[in-house]
1. I'd like the residue in the stretch 115-135 that is over 16 Å from Ile85 (Cα atoms) and hydrophobic (A, V, I, L, M, F, W, C) and, out of all such residues, is surrounded by the most Cβ atoms within 10 Å (Cβ to Cβ).
2. Among the residues in the stretch 80-88, are any under 18 Å from Lys119 (Cα atoms), of a type outside the set (Phe, Trp, Tyr), touching a Leu at 6+ places or on another chain (Cβ under 8 Å) and buried (at least 17 other Cβ atoms within 10 Å of the Cβ)?
3. Filter the stretch 14-32 for residues that are outside any helix (DSSP H, G or I) and either under 8 Å from Gly43 (Cβ atoms) or touching a Gly at 6+ places or on another chain (Cβ under 8 Å) (or both) and give the result.
4. Given the criteria under 17 Å from Ala12 (Cβ atoms), crowded, with 17+ Cβ neighbours inside 10 Å and among the basic types (Lys, Arg), does Arg112 qualify?
5. Which of the residues that make up the stretch 54-77 are surrounded by fewer than 17 Cβ atoms within 10 Å (Cβ to Cβ) and part of a helix (DSSP H, G or I)?
Amino acid sequence: MKIKRLAHIGVAVKSIDEVAKVYTDVLPLQLASTEPVGELRTGFIPVGETSVELVMSTEPDGTMAKFIDKKGEGIHHIAFEVDDIDEAVEELKAKGVPLTAEKPWQGAHGARVMFLHPKATHGVLIELCQYPEGH
């Protein structure tokens, strides 16, 4: 597995619009894009070669809403861009690393993603992502 870079840090939020103000009004950054991803809405704030990804649930009982109810708003995951997500998943399975799904799925910006279960990473939810060529 080749990790290319830290792609983003995911932050669980109740409102992308409200939280984005911290980055745009307090810090000299810009909300570059928002995008629906299943029952989630994401907002990306570029910072050099990486981004802060604001993630909110669009459903009151959705995954991110449940996370926020349990742990509050804040850092949810860190994401590493890999060169080949399928190869990475097979390598992790061969090592016996627990994953949150059987195979990668479609994430924001056309990326294929997979999460390592936090039980295997000392409580840190790690996402691997592979973006389409030209991203």
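No lab work stands behind these numbers, since they all come straight from the coordinates. As the structure is a prediction and not an experimental result, all values here were calculated from the model. Using ideal geometry, Cβ is built from the backbone for each residue, glycine included, and neighbour counts are taken over all protein chains shown.
1. Residue satisfying both the conditions and the ranking: Leu125.
2. No: zero hits.
3. Residue satisfying the conditions is Leu31 alone.
4. Answer is no for this residue.
5. Of everything in the stretch 54-77, those that are surrounded by fewer than 17 Cβ atoms within 10 Å (Cβ to Cβ) and part of a helix (DSSP H, G or I) turn out to be Thr63, Lys66, Asp69, Lys70, Lys71.
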